């Protein structure tokens with residue numbers, strides 16, 4: 001039997017309403033928690049305007065909603081299926097010959113469309129806003145702005161003190177930014193007064209200094225001078241360089257492949273970014289998997305009349321999924337398992353377990 005368009009549209013609308021309500025509650029709760037966290041982080045620093053804190057929370061909110069969407073789909077679907085069963089609508093549909101698989105089709109279609117939209121359109125928007133959030137976080141909380149940028153023509157670093165600043169360009173990097181090759185240092189006094197440049201074959205970051213090898217020092221009014229080795233003071237540390245590397249959340253889905261290629265060409269490890277890219281690709285599948293997991297729990301428990309057990313099972317399932325995702329991603333980042341496997345494993349596992357449970361209930 002095929003599902004009529006009227007019934008399909010009705011089920012899709014009911015599912016969207018349930019997910020929308022749950023999603024709205026999750027977003028509101030996450031927004032309030034985020035504001036409280038930002039207030040705590042800025043408490044010991046110079047007064048940060050409340051409007052700036054609220055603005056930072058709003059900038060981070062789209063990124064937060066991306067992470068919340070699978071759980072909103074899970075809990076919304078559980079609530080939707082339990083509500084339809086309690087109102088006897090599911091019973092009537094089953095009596096008319098509609099199987100559980102047809103009954104889930106509208107929710108699966110809606111979830112897949114939401115997943116594609118979140119990955120292709122919503123993620124670039126969220127990445128742009130969270131990038132701005134990290135800039136404000138660096139200004140108000142960490143007390144420094146980003147130091148590092150990777151582009152198609154090499155690596156750019158910036159260091160400075162009260163006397164001026166130095167802009168560093170390198171064509172290649174190794175040891176996660178601790179050793180640079182084909183380096184140029186542009187030295188400025190004050191804000192923008194150019195004082196000279198240093199060209200070096202290799203620059204190695206040591207304690208409070210760059211050790212330059214085969215360095216040529218030139219200035220506006222003096223000839224070039226060659227130094228076999230030359231030390232240049234710096235306040236940079238390895239942690240500052242690595243923390244300044246663009247986080248995966250700040251890069252849009254469409255820009256990730258190019259960024260990964262550029263980062264790896266420059267000598268940086270882009271494992272986190274590759275993992276994030278595959279996780280975004282797996283997003284629509286994960287949302288569809290949530291439908292099967294929700295149906296496996298809600299249909300069975302609704303028949304047994306256990307509302308409390310239904311809620312508890314949903315919460316435990318969400319927690320286990322979150323924990324399993326964290327474990328697989330950690331294994332992927334550490335290199336123990338392939339990145340693609342680590343990114344696709346949560347969605348695939350949830351999908352297979354949900355389908356197997358539903359097969360057992362309906363056809364077993």
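A compact table of results
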item: Residue under evaluation residue 40, criteria (1) over 30 Å from residue 296 (Cβ atoms); (2) touching a helix residue (DSSP H, G or I) at 6+ places or on another chain (Cβ under 8 Å), criterion not met; result: (2)
item: Some residue of segment 270-288 being modelled with pLDDT under 85 and either within 24 Å of residue 120 (Cα to Cα) or outside the structural domain of residue 131 (by TED's automatic domain parsing) (or both); result: yes
item: Meets criteria (farther than 30 Å from residue 360 by Cα and modelled with pLDDT of 90 or more) for residue 108; result: no
item: Tabulated pairs, segment 316-345, first in the same structural domain as residue 284 (by TED's automatic domain parsing) and assigned to a helix (DSSP H, G or I), second at pLDDT below 85 and surrounded by 13 or more Cβ atoms within 10 Å (Cβ to Cβ), C-beta under 7 angstrom, 6+ apart or interchain; result: 317/297
item: Top-ranked residue in segment 316-334 [being touching a helix residue (DSSP H, G or I) at 6+ places or on another chain (Cβ under 7 Å) and at pLDDT below 85; ranked as nearest to residue 281 (Cα to Cα)]; result: 318
item: Selected residue (criterion: modelled with the lowest pLDDT) from residues of segment 198-221 that are within 17 Å of residue 235 (Cβ to Cβ), touching a strand residue (DSSP E or B) at 6+ places or on another chain (Cβ under 7 Å) and surrounded by fewer than 19 Cβ atoms within 10 Å (Cβ to Cβ); result: 208
item: Subset of segment 65-91 (residues that are farther than 20 Å from residue 293 by Cβ and either crowded, with 18+ Cβ neighbours inside 10 Å or touching a strand residue (DSSP E or B) at 6+ places or on another chain (Cβ under 8 Å) (or both)); result: 65
item: The one condition in (1) in a helix (DSSP H, G or I); (2) at pLDDT below 90 that residue 48 fails to fulfil; result: (1)
item: Residue count, segment 159-186 (criterion: in contact with a strand residue (DSSP E or B) (Cβ under 9 Å, 6 or more places away or on another chain) and either at pLDDT below 80 or under 15 Å from residue 209 (Cβ atoms) (or both)); result: 17
item: Residues of segment 187-197 that turn out to be at pLDDT below 90 and assigned to a strand (DSSP E or B), as a count; result: 7
item: Residue match in segment 248-268 (condition: at pLDDT below 90 and in a strand (DSSP E or B)); result: no
item: Hits in segment 222-247 - residues which are in a helix (DSSP H, G or I) and either modelled with pLDDT of 90 or more or over 23 Å from residue 189 (Cβ atoms) (or both); result: 238, 239, 241, 242, 243, 244
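Conditions tested, residue by residue: (1) under 33 Å from the mean Cα position of the chain (by Cα); (2) assigned by TED's automatic domain parsing to the domain that holds residue 237; (3) under 25 Å from residue 270 (Cα atoms).
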{"residue": "159", "(1), (2), (3)": "yes, yes, yes"}
{"residue": "167", "(1), (2), (3)": "yes, yes, yes"}
{"residue": "170", "(1), (2), (3)": "yes, yes, yes"}
{"residue": "173", "(1), (2), (3)": "yes, yes, yes"}
{"residue": "180", "(1), (2), (3)": "yes, yes, yes"}
{"residue": "186", "(1), (2), (3)": "no, yes, no"}
{"residue": "192", "(1), (2), (3)": "no, yes, no"}
{"residue": "202", "(1), (2), (3)": "no, yes, yes"}
{"residue": "214", "(1), (2), (3)": "no, yes, no"}
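The values are calculated or read from the model by the stated rules, or taken from the named source; none is laboratory data. All figures in this text were calculated on a predicted structure; none of them were measured in a lab. So basically every Cβ, Gly included, is an ideal-geometry build from the backbone, and we count neighbours across all protein chains shown.
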